[in-house]
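**Q** A single structure is presented below for examination.
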Amino acid sequence: MITGEIKSKVDRIWDTMWSGGISNPLSVIEQLTYLLFIKRLDELHTLKEHKAARTGNPIEEPVFRPDQDHLRWSRFKETAPETMFTLVRDEVFPFIKTLGQKGEEDGEGGSTYTHHMKDALFMMPTPRVLANVVDQLDSIDMADADTKGDLYEYMLGKIATAGQNGQFRTPRHIIKLMVEMMAPTPKDRICDPACGTAGFLIAASEYLLKHHSGEIYGNEAARLRFNEGTFHGYDFDSTMLRIGSMNMLLHGVENPDIRYRDSLAQSDDDDAEKYSLILANPPFAGSLDYESTAKDLQRIVKTKKTELLFMALFLRLLQSGGRAAVIVPDGVLFGSSTAHKALRKKLVEEQKLDAIISMPSGVFKPYAGVSTAILFFTKTNSGGADQVWFYDMQSDGFSLDDKRNPQPEKSDLPDILARWQNRSGEVCRQRTDRSFLVPKADIAANDYDLSLNRYKEVEYEAVEHDAPRVILQRLARLEEEISQGVKELEGLLGCE
């Protein structure tokens, strides 16, 4: 999590832009994102310069050409406000909009980033506001990817309407846990059908670069596959698509497949069984009209509930043998409607339901207090789940109130990952433990209810109390002592 000092800086920047006339919270975030992106580009170019100086070789894939040196953050931040405003508006901003183009002047054939940035607008109202914001942003170190992610999370958390459409940001440590449990490989085609700022795709790319960089950069075909064929994301918010594209580009993925799309709507795109791994925390906004919902999803589960439709979508998108780690509201686990039960039965009997991690309700505070769980399943179309692994997460390493203060000593996340990676050791665990296995027959006997409390056994410690007569005698002695003390006090004060 970001420190209180950085939060204060973000709050001051937010107030500066608000008082300067940018009243839409999403516009504030978008403009701040552009500036943070420009700042990070300069930091990346500086790192390349330092590497070239150490090795004596030319700069590898420079961000800025020699004739574009004046476009760098470290150069224009020292200029006068009027000069800076003109430069950023007329040169720097058009420059970042063309990043990823492949030579064509019209931008056709460029990256998805270029496509989404076509409609980006520079909305800084005055030179004074821009200079003030640049000066304040300059003091924030953006080199740490976690800091960058937490900054986005904190800014989005400030939006009063966050969650209105069922959208809320997934904390980075939860994303990281899900990615590490799925352990993606360079052969995977990874999809997030509600990608937002692309947090899951970025975490997956970081995992792949950390564990499989040799294979990724082993040859040109592998590198091209990583940059253009591995990561796929959909969203119907153009602002989120721009932010997600910038985020992916900053993290070294040159041309991910990030597209404008309403994942639950009827579409001509045939993307059934295209992906081997789905990582998602889709928005759960309530109910949709039957007319606006894809007919093939209705065939999987007849419902208007978005949380169930997204589960049906995941099953459609996954190829046979494909895996999914997705966040769902608790209602999916125990809802009593026919559609809820049918979907759970399908996961247990027709697919391979691997695990359920029950999370405390404070994980998504301060902008949502909903109780959630993480579902892990494999698409088999032939069953295969003899047992389902349950884990009762008590803490994610942060306080469960709106402040979300770090409490690393309480985090269950390392234990979750360790137990998941050694599931053979889970066989002997009792249902009173933090994690345990439940046979499929037990789940079927409980009408496919997947809530953890249905199977977890709670041990109650016997507490022995004194007999009532002994307690009354103790109270009488206390009353005598109090009365005696009052008399002594009155005597000291000279009371009659």
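**Q** Condition first: among the basic types (Lys, Arg) and under 17 Å from Ser435 (Cβ atoms). Now tell me which residues in segment 404-418 satisfy that. Explain how you work it out, then say what you get.
**A** So in segment 404-418, the residues among the basic types (Lys, Arg) come out as 404, 410.
Lys410, the sole residue that qualifies.
**Q** Another question, if that's okay. What number goes with the only condition from (1) surrounded by 15 or more Cβ atoms within 10 Å (Cβ to Cβ); (2) out of contact with any Ser or Thr (no Cβ under 8 Å at 6 or more places or on another chain); (3) farther than 23 Å from Arg344 by Cα that Ser424 does not pass?
**A** (1)
**Q** Confirm whether His115 is modelled with pLDDT of 85 or more and more than 15 Å from Tyr34 (Cα to Cα).
**A** The answer is no for His115.
**Q** Right, next: Can you find a residue that is without any contact (Cβ under 8 Å) to a residue 40 or more places away in the chain, in the same structural domain as Ile374 (by TED's automatic domain parsing) and within 24 Å of Pro62 (Cβ to Cβ) anywhere in segment 227-235?
**A** There is at least one residue in segment 227-235 that is without any contact (Cβ under 8 Å) to a residue 40 or more places away in the chain, in the same structural domain as Ile374 (by TED's automatic domain parsing) and within 24 Å of Pro62 (Cβ to Cβ).
**Q** Please go through (1) surrounded by 12 or more Cβ atoms within 10 Å (Cβ to Cβ); (2) closer than 30 Å to Lys365 by Cβ for Asn446 and return the number of the only condition it doesn't satisfy.
**A** (2)
**Q** Could you please find all residues in segment 1-45 being of a type in the set (Ser, Thr, Tyr) and within 21 Å of Arg89 (Cα to Cα)?
**A** Of everything in segment 1-45, those that are of a type in the set (Ser, Thr, Tyr) and within 21 Å of Arg89 (Cα to Cα) turn out to be Thr16, Ser19, Ser23, Ser27, Thr33, Tyr34.
**Q** If I ask for residues that are surrounded by fewer than 18 Cβ atoms within 10 Å (Cβ to Cβ) and more than 21 Å from Lys403 (Cα to Cα), which ones from segment 365-390 would you list?
**A** Once the filter is applied, which keeps residues that are surrounded by fewer than 18 Cβ atoms within 10 Å (Cβ to Cβ) and more than 21 Å from Lys403 (Cα to Cα), segment 365-390 yields Thr378, Thr380, Asn381, Ser382, Gly383, Gly384, Asp386.
**Q** Restricting attention to segment 19-51, report how many residues are within 23 Å of the chain's Cα centre (by Cα) and at positive phi.
**A** Matching residues across segment 19-51 total 0.
**Q** Has segment 372-389 got at least one residue that is under 22 Å from the mean Cα position of the chain (by Cα) and at pLDDT below 95?
**A** yes
**Q** Can you tell me how many residues in segment 280-303 are closer than 17 Å to Val332 by Cα and either at pLDDT 70 or above or surrounded by 20 or more Cβ atoms within 10 Å (Cβ to Cβ) (or both)?
**A** 11
**Q** Let me ask you something else. For Phe64, indicate whether it is of a type in the set (A, V, I, L, M, F, W, C), modelled with pLDDT of 90 or more, outside any loop (DSSP other than H, G, I, E, B) and under 34 Å from the mean Cα position of the chain (by Cα).
**A** No, not satisfied.
**Q** Select from segment 188-218 the residues that are part of a loop (DSSP other than H, G, I, E, B) and either aliphatic (A, V, I, L, M) or at pLDDT 95 or above (or both) and list them in ascending order.
**A** Asp188, Arg189, Ala194, Ala198
**Q** Quick one: how many residues across segment 347-364 are over 15 Å from the mean Cα position of the chain (by Cα), surrounded by 20 or more Cβ atoms within 10 Å (Cβ to Cβ) and not polar (S, T, N, Q)?
**A** 7
**Q** Then there's this: May I ask you to list the residues in segment 231-250 that are surrounded by 24 or more Cβ atoms within 10 Å (Cβ to Cβ) and among the polar types (S, T, N, Q)?
**A** Ser245, Asn247
**Q** Collect the residues in segment 183-192 that are surrounded by fewer than 22 Cβ atoms within 10 Å (Cβ to Cβ) and either in contact with a strand residue (DSSP E or B) (Cβ under 6 Å, 6 or more places away or on another chain) or not hydrophobic (A, V, I, L, M, F, W, C) (or both), keeping them in residue-number order. Outline the logic, then answer.
**A** Here is the first cut: in segment 183-192, the residues surrounded by fewer than 22 Cβ atoms within 10 Å (Cβ to Cβ) are 183, 185-189.
Hits for segment 183-192 are Thr185, Pro186, Lys187, Asp188, Arg189.
The values are calculated or read from the model by the stated rules, or taken from the named source; none is laboratory data. Just so you know, these numbers come straight off a predicted model, no measurement behind them. All Cβ positions, glycine included, derive from the backbone under ideal geometry; neighbour counts span all protein chains shown.
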